[in-house]
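Enquirer: This is the structure, below, for whatever I ask next.
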Amino acid sequence: MTTLRIGLLGTGPWARRVHAPALAAHPGVELAGVWGRRAEAAAALAQVHGSRPYDSPDELFADCDALAVALPPSVQAPLAVRAAEAGCHLLLDKPVATAVPEARALAAAAERAGVASVVFFTARFGAQEGEWIAAQAAAGGWFTAHADWLGSVFAEDSASPYAHSPWRREKGGLWDVGPHALSVLLPVLGDVEEVTATRGPADAVLLTMRHGSGAASTATLALTAPAAAAGVEITLRGTAGTTCLPRRLDGPEAAYHRAVDALLAAAASGLPNACDLRFGLRVTEILAAAEETLPPLAPSGG
């Protein structure tokens, strides 16, 4: 089997913690190069992992079979379009975009180019979570579900490496952790046919959804939860009883390794992965529809 040459776009905390080390260690790929918006950061990250920095994304595309992206969604989408047009398979971060036209343009570009795509939803590629999701989808008969996906990235006492992320600050939990919740609920309950959203404290958003299976679900999403209240819980209730998403036992690095496996399989077979760009587009469409139902933020007092 030919080793896939894969380039990395991005040098932030997520790229340093997960993408670069996982790609460098994966036996099926070669980390061909790194590009970042700060050249010195790209050079440093490439050196750590025995790769080389690139001066421009397009130069990296020309030397690669595939691209992994660890960039804010507004930067990811247009660069991924260019990568697809250059013939590169795509391993993308969620959300693929925060605007539906950008997500649609990206999905269309990948389809035109005939390249494989995988969107890295950590829960879908976790070993225990993935098995649980598949089992619940096969069981069926679900009546309701509720998801709490609460981060403390922007809590007052936060020491998170993502606390300086402008796009997370702007878009909040709806767009950062909302994709994770949907990635679990959709394969089990079916597509969302109707969604409404309500504001909670700080950036918290409560979604109410009706699914194609007839089930109803809710999700509470935030990046500003107090550290003591942060965490992830998803509960399903139906004819099989009650079941909860298992707590993650392996880290995001192991999940990312399996996402790379999924991209290799899709590229070799030509068969789409369940978490491809079409699924990523649908997640963006649902979140954008939810966002449209949110009341405007009240002006802060002066």
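The values are calculated or read from the model by the stated rules, or taken from the named source; none is laboratory data. Because the structure is predicted, anything quoted here is derived from the model rather than measured. Ideal geometry is used to build each Cβ from the backbone, glycine not excepted, and the neighbour counts take in all protein chains shown. Note: areas computed on protein heavy atoms with side chains; ligands, DNA, RNA excluded. Shrake-Rupley method; radii C 1.70, N 1.55, O 1.52, S 1.80 Å.
Enquirer: Write out, first by first residue and then by second, each pair whose Cβ atoms fall under 8 Å of each other, whose residues are 6+ apart or on separate chains, and whose first residue, in the range 235-264, is touching a residue at least 60 places away in the same chain (Cβ under 8 Å) while the second is among the acidic types (Asp, Glu) and open to solvent by less than 70 Å² (accessible area, probe 1.4 Å).
Expert: 245/129; 246/129; 248/129
Enquirer: So, one more: Just checking, which of 158, 152, 165 is out of contact with any Leu (no Cβ under 7 Å at 6 or more places or on another chain), closer than 15 Å to residue 94 by Cβ and in contact (Cβ under 8 Å) with a residue 40 or more places away in the chain?
Expert: None of the others qualify; the one that does is 165.
Enquirer: Next question, about the same structure. Pick from 125, 121: which is in contact (Cβ under 8 Å) with a residue 60 or more places away in the chain and open to solvent by 10 Å² or more (accessible area, probe 1.4 Å)? I'd like the intermediate steps shown before the answer.
Expert: On the way: 121 fails: open to solvent by 10 Å² or more (accessible area, probe 1.4 Å).
Sole residue among the options that is in contact (Cβ under 8 Å) with a residue 60 or more places away in the chain and open to solvent by 10 Å² or more (accessible area, probe 1.4 Å): 125.
Enquirer: In a loop (DSSP other than H, G, I, E, B) and modelled with pLDDT of 95 or more - does that describe any residue in the range 256-264? Lay out the reasoning, then the answer.
Expert: As a first pass, look at the range 256-264 and keep what is in a loop (DSSP other than H, G, I, E, B): none.
Within the range 256-264 (the criterion being in a loop (DSSP other than H, G, I, E, B) and modelled with pLDDT of 95 or more), the answer is no, since none of the residues qualifies.
Enquirer: Looking at the range 185-209, which of its residues are of a type in the set (Asp, Glu) and assigned to a strand (DSSP E or B)? It would help to see each step written out before you state the result.
Expert: First pass over the range 185-209, keeping only residues of a type in the set (Asp, Glu): 191, 193-194, 203.
Of everything in the range 185-209, those that are of a type in the set (Asp, Glu) and assigned to a strand (DSSP E or B) turn out to be 193, 194.
Enquirer: Do we find that residue 224 is more than 30 Å from residue 22 (Cβ to Cβ) and of a type in the set (S, T, N, Q) in this structure?
Expert: Considered against the rule, which asks whether it is more than 30 Å from residue 22 (Cβ to Cβ) and of a type in the set (S, T, N, Q), residue 224 comes out as no.
Enquirer: Suppose we filter the range 137-148 for residues that are open to solvent by 20 Å² or more (accessible area, probe 1.4 Å) and under 21 Å from the mean Cα position of the chain (by Cα); how many remain?
Expert: 3
Enquirer: Within the range 107-118, work out how many residues are farther than 18 Å from residue 265 by Cα and without any contact (Cβ under 8 Å) to a residue 60 or more places away in the chain.
Expert: So in the range 107-118, the residues farther than 18 Å from residue 265 by Cα come out as 107-109, 112.
Keeping just the survivors that are without any contact (Cβ under 8 Å) to a residue 60 or more places away in the chain gives 108-109, 112.
Qualifying residue count, the range 107-118: 3.
Enquirer: Conditions first: (1) in contact with a Cys (Cβ under 9 Å, 6 or more places away or on another chain); (2) surrounded by fewer than 16 Cβ atoms within 10 Å (Cβ to Cβ). Residue 33 passes all but one, so which condition is the exception?
Expert: That leaves (2) as the condition not met.
Enquirer: Name the residues in the range 55-79 that are open to solvent by 10 Å² or more (accessible area, probe 1.4 Å), of a type outside the set (Ser, Thr, Tyr), part of a helix (DSSP H, G or I) and closer than 16 Å to residue 106 by Cα, would you? Outline the logic, then answer.
Expert: So the first thing to find is which residues in the range 55-79 are open to solvent by 10 Å² or more (accessible area, probe 1.4 Å), and the list is 55-59, 62-65, 70-72, 74-75, 78-79.
Those left that are additionally of a type outside the set (Ser, Thr, Tyr): 55, 57-59, 62-65, 70-72, 75, 78-79.
Keeping just the survivors that are part of a helix (DSSP H, G or I) gives 57-59, 62, 75, 78-79.
Within the range 55-79, 75, 78, 79 qualify.
Enquirer: So residue 248 fits all but one of (1) over 17 Å from the mean Cα position of the chain (by Cα); (2) not hydroxyl-bearing (Ser, Thr, Tyr); (3) not in a helix (DSSP H, G or I); what number is the exception?
Expert: Here residue 248 clears every test but (1).
Enquirer: Please go through the range 117-142 and give me each residue that is under 25 Å from residue 204 (Cα atoms) and in a strand (DSSP E or B), ordered by number.
Expert: Selection gives 119, 120.
Enquirer: Only one residue in 82, 52, 38, 16 is open to solvent by 50 Å² or more (accessible area, probe 1.4 Å), closer than 21 Å to residue 177 by Cα, free of Cβ contacts under 8 Å to residues at least 60 places away in the same chain and not polar (S, T, N, Q), so which one is that?
Expert: Values: 82 fails: closer than 21 Å to residue 177 by Cα; 52 fails: closer than 21 Å to residue 177 by Cα; 38 fails: closer than 21 Å to residue 177 by Cα.
The conditions single out 16.
Enquirer: Just checking, does the range 280-296 include any residue being surrounded by 14 or more Cβ atoms within 10 Å (Cβ to Cβ), under 26 Å from residue 68 (Cα atoms) and among the small types (Gly, Ala, Ser)?
Expert: Scanning the range 280-296, I find at least one residue that is surrounded by 14 or more Cβ atoms within 10 Å (Cβ to Cβ), under 26 Å from residue 68 (Cα atoms) and among the small types (Gly, Ala, Ser), so the answer is yes.
Enquirer: Can we say residue 166 is closer than 24 Å to residue 12 by Cα and open to solvent by 30 Å² or more (accessible area, probe 1.4 Å)? Please lay out each step first, then the result.
Expert: Numbers: closer than 24 Å to residue 12 by Cα: yes; open to solvent by 30 Å² or more (accessible area, probe 1.4 Å): yes.
Here the answer is yes, as residue 166 does meet what is asked.
Enquirer: On the given criteria, is residue 84 of a type in the set (Gly, Ala, Ser) and out of contact with any helix residue (DSSP H, G or I) (no Cβ under 9 Å at 6 or more places or on another chain)?
Expert: Values: of a type in the set (Gly, Ala, Ser): yes; out of contact with any helix residue (DSSP H, G or I) (no Cβ under 9 Å at 6 or more places or on another chain): no.
No: the conditions fail for residue 84.
Enquirer: Check whether at least one residue in the range 210-230 is free of Cβ contacts under 8 Å to residues at least 40 places away in the same chain, buried (at least 18 other Cβ atoms within 10 Å of the Cβ) and in a strand (DSSP E or B), and report yes or no.
Expert: Pass one, the range 210-230, residues free of Cβ contacts under 8 Å to residues at least 40 places away in the same chain: 210-212, 214, 228.
Narrowing the set further to residues that are buried (at least 18 other Cβ atoms within 10 Å of the Cβ) leaves 211.
Subset that is in a strand (DSSP E or B): 211.
The answer is yes, given that some residue of the range 210-230 is free of Cβ contacts under 8 Å to residues at least 40 places away in the same chain, buried (at least 18 other Cβ atoms within 10 Å of the Cβ) and in a strand (DSSP E or B).
Enquirer: Please indicate, with yes or no, whether at least one residue in the range 168-184 is over 23 Å from residue 93 (Cβ atoms), of a type outside the set (Ser, Thr, Tyr), touching a residue at least 40 places away in the same chain (Cβ under 8 Å) and part of a loop (DSSP other than H, G, I, E, B). Spell out how you get there, then give the answer.
Expert: Initial filter on the range 168-184 (over 23 Å from residue 93 (Cβ atoms)): none.
Among the residues of the range 168-184, not one is over 23 Å from residue 93 (Cβ atoms), of a type outside the set (Ser, Thr, Tyr), touching a residue at least 40 places away in the same chain (Cβ under 8 Å) and part of a loop (DSSP other than H, G, I, E, B), which makes the answer no.
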